[in-house]
Amino acid sequence: MPATRIAMRKIREVLRLRLEAGLSFRQISASTKVSVGAAQKVVSQVTQLGLKWPLSPSMDDSQLAKLFYPTADTRISDRMEVPDWRAIHQELKRKGITKLLLWEEYSEQYPNRCYSYSRFCEKYRRWRHQQRRSMRQTHKAGEKCFVDYCGQSVPIINRHTGEIREAQVFVAVLGASNYTYAEATVTQTLPDWLGSHVRAFEFFGGTPELVIPDNLRSGVSKACRYDPDTNPSYQQLAEHYQVAVMPARPYKPKDKAKVEVAVQIVERWILARLRHHSFFSLAEVNQCIRALLQELNQRPFKQLPGNRRQAFEQLDQPALQPLPKQPYRYVDIKPVKVNIDYHVEYQRHHYSVPHQYVGERLELHARDTIVQLYFRQRLIASHLRKHTAGITTDAVHMPERHRKQQQWTPGRLKQWARDIGLDTLRWVTERLEQRDHPEQAYRLCLGLLNLSREYPALRVNASCRIANDQGLDRLKQIRSILRSNRDQLPEQLNLATDLPQDHENIRGPNDFH
């Protein structure tokens, strides 16, 4: 053992065996159970301290130990000095801190009243098991951040309609310090979920190594005890902040006990205080939450020294990773399949991709202003995002023969329909005007063009006349008319034609009594 931990009664014995008996340091170590290095260090200090052997009879063991260890407590007592287990428990959360190091510091301070290392560890284990269950897990500084939603919500009243909408409360807590963040959001959907993470990281001023969420649908696409699937957008946020997402196991609340307790504390110390308040906007709710959150983080611990804010400044804050230069911006990521017309649909708008990818499954990334399409992690198409229904087609994505068809315009389609007949013109015109964008009806009209290649123009026009009269707007309905030769049948008698009402074979109301 190091010289700084030699008991007072052994210092005199080491000096006697070396200076009087002339034993080697190995022999001294075997006799006194003091390490060779410790014995050498004690003997080397004799000259520096001006000591001579034999020692003065008036110098007792306490005075002798004080010369070698001026800062140590050299009082002799039969009772061992009990360490501050709470302080030791907090110190163990720091990176690189071990029980052996803390025991060495404790034994240096109380060299004659300290427990042995094994006894020290046993005492600490007993103390830890006597504490609350939530303290049984050991969380390293800057390692874990637990996130979840409160079960309790906050009602927000619409000023104009009086409608009440329940705001959701997001909670994030750091494992080592219990430093807590909370905010209200409109929903628990993916954009709000990811936005709350961004604001929580900014509140902490850095990012941890691990983020541990519940199996919320916004964060975990498929819950599994051993290998859960993380939502692609959530995974992208994790890559942006260089953190790892490790969802808690389903039905295992102990995996996220920290945030379970934090949620309970937020509900008791923040939401319970707001229960008598009426809120008319989300900003008002978050303003009150921020004020009460500051008070919560400064409340003293009941069983540990200090408070959450102080523990954060001492433990987690120095260990957090720095934030990136730019915050994460939400990207909606979803799998899509390329249709036969080499377009994919996103929120009622169709975007083109190279025609070679027809039938393939792609990954669509939708940002505020741009839509990007990836095939096996490779970008294959990019478009400006449109927030209305319609079609966006890049001519480069089209086959050669389709590029020629791209020259079609509403005027050209109507001119072609007029060449077939006025009934065809009427049907085509109504289809073009029926859609929000004429381009949406181009394929329908071009399909009618193909029918004119199979059937004479007179028959196509007659079929369109029947479709106009009966309000038929589907191409397959016109095709059915042509295949069944219905357009060649004589026109049926109008059912509204007046029939004779006076006839000898027709009985009236007077014939029934």
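For this structure, a couple of remarks:
- Filtered residues of the range 135-154 (kept if of a type outside the set (D, E, K, R) and exposed (fewer than 14 other Cβ atoms within 10 Å of the Cβ)): 137, 138, 151
- Out of 380, 333, sole residue that is outside any loop (DSSP other than H, G, I, E, B) and touching an Asp or Glu at 6+ places or on another chain (Cβ under 7 Å): 333
- Identity of the residue in the range 219-233, part of a loop (DSSP other than H, G, I, E, B) and surrounded by 19 or more Cβ atoms within 10 Å (Cβ to Cβ), that ends up modelled with the highest pLDDT: 231
- Residues of the range 458-477 include at least one that is open to solvent by less than 70 Å² (accessible area, probe 1.4 Å), touching a Gly at 6+ places or on another chain (Cβ under 8 Å) and more than 17 Å from residue 422 (Cα to Cα).
- Selected residue (criterion: most open to solvent (accessible area, probe 1.4 Å)) from residues of the range 336-352 that are touching a His at 6+ places or on another chain (Cβ under 9 Å) and not in a loop (DSSP other than H, G, I, E, B): 350
- Residue list for the range 14-34, filter: under 15 Å from residue 52 (Cα atoms), of a type in the set (D, E, K, R) and out of contact with any helix residue (DSSP H, G or I) (no Cβ under 7 Å at 6 or more places or on another chain): 16, 20
- Note on the range 197-216: residues that are open to solvent by less than 10 Å² (accessible area, probe 1.4 Å) and under 15 Å from the mean Cα position of the chain (by Cα) amount to 8.
- Search result, residues across the range 383-395 that are outside any strand (DSSP E or B), open to solvent by 90 Å² or more (accessible area, probe 1.4 Å) and either closer than 15 Å to residue 358 by Cβ or at pLDDT 90 or above (or both): none
- Reported count of residues in the range 396-412, each being crowded, with 16+ Cβ neighbours inside 10 Å and either assigned to a loop (DSSP other than H, G, I, E, B) or at pLDDT 90 or above (or both), is 2.
- For the range 16-29, filtering for residues that are modelled with pLDDT of 80 or more, surrounded by fewer than 16 Cβ atoms within 10 Å (Cβ to Cβ) and part of a helix (DSSP H, G or I) leaves 2.
- Listed by first and then second residue, the pairs with beta-carbon distance under 9 Å, at least 6 apart or on different chains, first residue in the range 330-342 and farther than 14 Å from residue 353 by Cα, second part of a loop (DSSP other than H, G, I, E, B) and open to solvent by less than 40 Å² (accessible area, probe 1.4 Å), are 333/231.
Residues are listed down the side, and each one gets a yes or a no for (1) within 21 Å of the chain's Cα centre (by Cα); (2) assigned to a loop (DSSP other than H, G, I, E, B); (3) under 30 Å from residue 400 (Cα atoms):
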site	(1), (2), (3)
261	yes, no, no
267	no, no, no
273	no, yes, no
288	no, no, no
304	no, yes, no
312	no, no, no
324	yes, yes, no
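- For the range 478-494, a tally of residues being over 60 Å from the mean Cα position of the chain (by Cα), open to solvent by less than 100 Å² (accessible area, probe 1.4 Å) and not polar (S, T, N, Q) returns 2.
- Counting only residues that are touching a residue at least 12 places away in the same chain (Cβ under 8 Å) and either on the phi > 0 side of the Ramachandran plot or open to solvent by 20 Å² or more (accessible area, probe 1.4 Å) (or both), the range 353-364 holds 8 of them.
- Per-region count, the range 275-286, residues part of a loop (DSSP other than H, G, I, E, B) and under 24 Å from the mean Cα position of the chain (by Cα): 0
Results for (1) β-branched (Val, Ile, Thr); (2) part of a helix (DSSP H, G or I); (3) open to solvent by 10 Å² or more (accessible area, probe 1.4 Å), shown as yes or no for each residue.
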| site | (1), (2), (3) |
| --- | --- |
| 165 | no, no, yes |
| 168 | no, no, yes |
| 178 | no, no, yes |
| 182 | no, no, no |
| 187 | yes, no, yes |
| 191 | no, yes, yes |
| 195 | no, yes, yes |
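- Residue, modelled with the highest pLDDT, within the range 104-118, restricted to residues that are farther than 11 Å from residue 82 by Cα and open to solvent by 20 Å² or more (accessible area, probe 1.4 Å): 118
- Residues (in a helix (DSSP H, G or I) and touching a helix residue (DSSP H, G or I) at 6+ places or on another chain (Cβ under 9 Å)) located in the range 290-302: 292, 293, 294, 295, 296, 297
The values are calculated or read from the model by the stated rules, or taken from the named source; none is laboratory data. All values derive from a computational prediction rather than experimental measurement. Methodologically, a virtual Cβ is constructed for each residue, glycine included, from the backbone with ideal geometry; neighbour enumeration extends over all protein chains shown. Just so you know, the surface numbers come from the protein's heavy atoms only, side chains and all, with ligands and any DNA or RNA stripped out. Shrake-Rupley method; radii C 1.70, N 1.55, O 1.52, S 1.80 Å.
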